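Asks: Just passing along the structure, written as structure tokens.
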Amino acid sequence: MTTEYSIECWITSPDQDVLLLHVPARPGKHDAFWQPITGGIEDGEAPLEAALREIREETGLALIATQLIEIATDLTVVISAELTISKTLYTASTSDTTVRINPHEHQNHQWLPPARVAETLFWDSNRETWKLVSQHYAKSPEHDE
């Protein structure tokens with residue numbers, strides 16, 4: 001069994017909307033879907049570095065390390081009998097909501113109110129991580145939903 005390491009990051013705006021990115025359909029692989037920022041961890045790269053890189057590459061947002069909050073590590077997603085993904089989960093808030101998507105990876109983006117996020121997601125694993133992020137914000141006095 002192979003394990004790949006990745007990050008997932010949920011970005012919120014000052015009014016607490018949540019950024020989702022639209023992944024185009026790949027015939028024979030999957031339909032189009034919405035997801036948070038995700039990406040692989042490169043050799044020699046720490047998860048935090050990977051998260052900052054993926055945020056910049058996928059959205060054009062230039063966040064700094066102190067803006068990211070680590071929610072969980074080593075979240076396991078079983079893709080197949082041969083492949084699992086081990087995720088580190090982050091969240092961050094930014095006042096810069098000007099997103100420049102990478103057209104090689106995504107078709108569009110949207111800022112959604114938290115109440116609409118779960119119903120918009122395609123993958124169960126994203127709904128599970130959104131639940132963890134939501135629980136974090138529910139406990140956070142500076143981020144009332």
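Asks: Over the chain, give the accessible area per residue in Å² for a 1.4 Å probe, as an integer.
Replies: Numbers: 7930 Å² over 145 residues.
With all protein chains present, the chain gives 55 Å² per residue.
Asks: GluC sites (Glu not before Pro) within segment 1-104: which are DSSP loop residues with at most 15 other Cβ atoms inside 10 Å?
Replies: Those that pass, being in a loop and sparsely packed, are Glu42, Glu45, Glu82.
Asks: Which of the lysines could a cross-linker bridge to Lys29, judged by Cα under 23 Å and excluding same-chain residues fewer than eight apart?
Replies: Within the straight-line cut-off, Lys29 pairs with Lys87.
Asks: Here's a follow-up. Could you check how much of the accessible area of the chain is carbon and sulfur, as a whole percent, using a 1.4 Å probe?
Replies: 50 percent
Asks: Kirkwood Rh over alpha-carbon pairs of segment 1-47, then Stokes-Einstein at 25 °C and 0.890 mPa s: what D in µm² s⁻¹, rounded to an integer?
Replies: It diffuses with D of about 189 µm²/s by this estimate.
Asks: Give me the aspartates and glutamates in straight-line cross-link reach of Lys139: C-alpha distance below 18 Å, same-chain residues under 8 apart excluded.
Replies: Asp15, Asp17, Glu70, Glu128
Asks: Using heavy-atom solvent-accessible surface (probe 1.4 Å) with all chains present, what is the largest-first order of Ile7, Ile85?
Replies: Result, largest first: Ile85, Ile7.
Asks: Considering only protein heavy atoms, with the full assembly of protein chains and a 1.4 angstrom probe, order Ile37, Ile64, Ile101 by accessible area, largest first.
Replies: Result of the area sort, largest leading: Ile64, Ile101, Ile37.
Asks: Explain nothing, just the number: dipole magnitude of the chain about its Cα centre with +1 on each Lys and Arg Cβ and -1 on each Asp and Glu Cβ, in debye rounded to the nearest 20.
Replies: Charge dipole of the chain: 300 debye, to the nearest 20.
Asks: While we're here: Take the Cβ-Cβ distance between Ser95 and Glu128 as r, set R0 to 30 Å, and report the resulting FRET efficiency rounded to the nearest 0.05.
Replies: Step by step, r from the Cβ atoms, then E = 0.60.
Asks: Please give the calculated 222 nm ellipticity per residue for the chain, where each DSSP H segment of at least 4 residues contributes -39500 (n - 2.57) and the sum is spread over every residue; nearest 500 deg cm²/dmol?
Replies: Values: 3 runs with 36 residues, N = 145.
About -7500 deg cm²/dmol.
Asks: Can you classify the chain as rounded, prolate or oblate using the Cα gyration tensor, where a ≥ b ≥ c are the square roots of its eigenvalues, rounded means a/c under 1.5, and otherwise it's prolate if a/b beats b/c and oblate if not?
Replies: The shape class here is rounded.
The values are calculated or read from the model by the stated rules, or taken from the named source; none is laboratory data. Just so you know, these numbers come straight off a predicted model, no measurement behind them. No Cβ is skipped: glycine too gets one built from the backbone with ideal geometry, and neighbour counts run over all protein chains shown. Heavy atoms of the whole protein, side chains included, go into the accessibility calculation; ligands, DNA and RNA do not. Shrake-Rupley method; radii C 1.70, N 1.55, O 1.52, S 1.80 Å.
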